[in-house]
Amino acid sequence: METKQPVKALVLSGGGAKGAVHLGALIELEQMNLRWDLIVGTSIGAMVAAGYALTLRTETMRRYAEGMNQTVPVNIKNPKRIPPLLACWFTNTFQSLFPRPLFFKVVERVFGDRTFEDTKIPLLVTACNIDKRCIEVFREGPLITSLLASMAIPGVFPPVRIGANAYCDGGVLENLPIRTAVTAGAGRILAFHIVSKSGSEKPPFTSGSTGLLLRTDAIREQWQDRLTDRANAKVIAFDTTNYGVMDFRHTSALLEIGKETVRRRRQEILEWLL
């Protein structure tokens, strides 16, 4: 009797501008001729996953990624000090730091009227449903609205409304969506995880609100990582400590980190999947 093979899934985490490492990793995976039954992504990982699920080719994706260096010149890794009264007025007046078009022109141009039904691999995109306070999984209909919702970092970009509900970045509740892949039936998972800080490194802290936000978010990320179920997954972590979540000027360097990490763990990946 023929033994049924486990469903193989590729899972891509969030990580903002550092998502270029996912693409670098995919470039190396492409050389290994691996086949996937499912691909799952959240936040920037959702965008990379969608691009790959649509094309199964990384060359076009690489050109668009490198184009982000010119189209998104903003870097808020080291924001200038803002007078407290001005910061208080801004945060109580506006929903977000940046208008969505500043960052997502490329996304809207690439995905346009594409749908989940156009993908060559089944694709799942996760976002945080603010009204229902839960992770929601998108798997059908227009891609662009789901991707914008999945990448709507709270406070940085405005929430995205789909139907009666508002959505924000899926990484708020599940930055490495292994559980989503398992729930969808995956039995053998390769998960790419963008690591911001090492486990032993203390998150940055200053007396200002920005430093406090960075520290609390780093703590959230570390606790979330500890709660991630890895029983069915091989997790490949990319060290991106020296790069900013909103700094799009280092795509080439991040691509190399992704490629080098997968090259170094190639045999381990093949033994896990084959």
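A few notes on this one:
- SER150 fulfils the conditions (1) surrounded by fewer than 24 Cβ atoms within 10 Å (Cβ to Cβ); (2) touching a residue at least 24 places away in the same chain (Cβ under 8 Å); (3) hydroxyl-bearing (Ser, Thr, Tyr) except for a single criterion, (1).
- Residue list for the stretch 110-122, filter: open to solvent by less than 50 Å² (accessible area, probe 1.4 Å), at pLDDT 95 or above and either out of contact with any Lys or Arg (no Cβ under 7 Å at 6 or more places or on another chain) or in a loop (DSSP other than H, G, I, E, B) (or both): THR115, THR119, ILE121
- Checking ARG220 against (1) in contact with a helix residue (DSSP H, G or I) (Cβ under 9 Å, 6 or more places away or on another chain); (2) at pLDDT 75 or above; (3) part of a helix (DSSP H, G or I), the condition it does not meet: (2)
- Here the stretch 52-67 is the region considered, the condition is being part of a loop (DSSP other than H, G, I, E, B) and not β-branched (Val, Ile, Thr), and the residue that is least open to solvent (accessible area, probe 1.4 Å) is LEU56.
- Single residue of the stretch 230-245 satisfying the filter (within 18 Å of the chain's Cα centre (by Cα) and either modelled with pLDDT under 75 or of a type in the set (S, T, N, Q) (or both)) that is most open to solvent (accessible area, probe 1.4 Å): ASN242
- Residue pairs meeting the criteria (Cβ under 6 Å; at least 6 apart or on separate chains; first small (Gly, Ala, Ser), in the stretch 222-237; second open to solvent by 30 Å² or more (accessible area, probe 1.4 Å)): ALA237/VAL195
- Any chance LEU97 is modelled with pLDDT under 95, at positive phi and open to solvent by 10 Å² or more (accessible area, probe 1.4 Å): no
- Candidates LEU173, LEU227: the one that is modelled with pLDDT under 80, open to solvent by 60 Å² or more (accessible area, probe 1.4 Å) and of a type outside the set (Lys, Arg) is LEU227.
- Residue satisfying all of: in the stretch 1-26; open to solvent by 10 Å² or more (accessible area, probe 1.4 Å) and part of a strand (DSSP E or B); nearest to HIS250 (Cα to Cα) among these: LYS8
- For the stretch 192-200, the criterion of being open to solvent by 70 Å² or more (accessible area, probe 1.4 Å), at pLDDT 70 or above, out of contact with any Asp or Glu (no Cβ under 9 Å at 6 or more places or on another chain) and closer than 28 Å to GLU28 by Cα is met by no residue.
- Unique match (being touching a helix residue (DSSP H, G or I) at 6+ places or on another chain (Cβ under 9 Å) and modelled with pLDDT under 95) among LEU12, LEU56: LEU56
- Residue count for the stretch 27-42 satisfying the condition of being at pLDDT 95 or above and either assigned to a loop (DSSP other than H, G, I, E, B) or surrounded by 24 or more Cβ atoms within 10 Å (Cβ to Cβ) (or both): 6.
- Just so you know, in the stretch 151-199 the residues that are more than 16 Å from the chain's Cα centre (by Cα), part of a strand (DSSP E or B) and not charged (D, E, K, R) include one that is nearest to LYS234 (Cα to Cα), and it is ILE189.
The values are calculated or read from the model by the stated rules, or taken from the named source; none is laboratory data. Predicted model only: the values in this text are computed from it and were never measured. All Cβ positions, glycine included, derive from the backbone under ideal geometry; neighbour counts span all protein chains shown. These area figures cover heavy atoms from the full protein model, side chains too; ligands, DNA and RNA do not enter into them. Shrake-Rupley method; radii C 1.70, N 1.55, O 1.52, S 1.80 Å.
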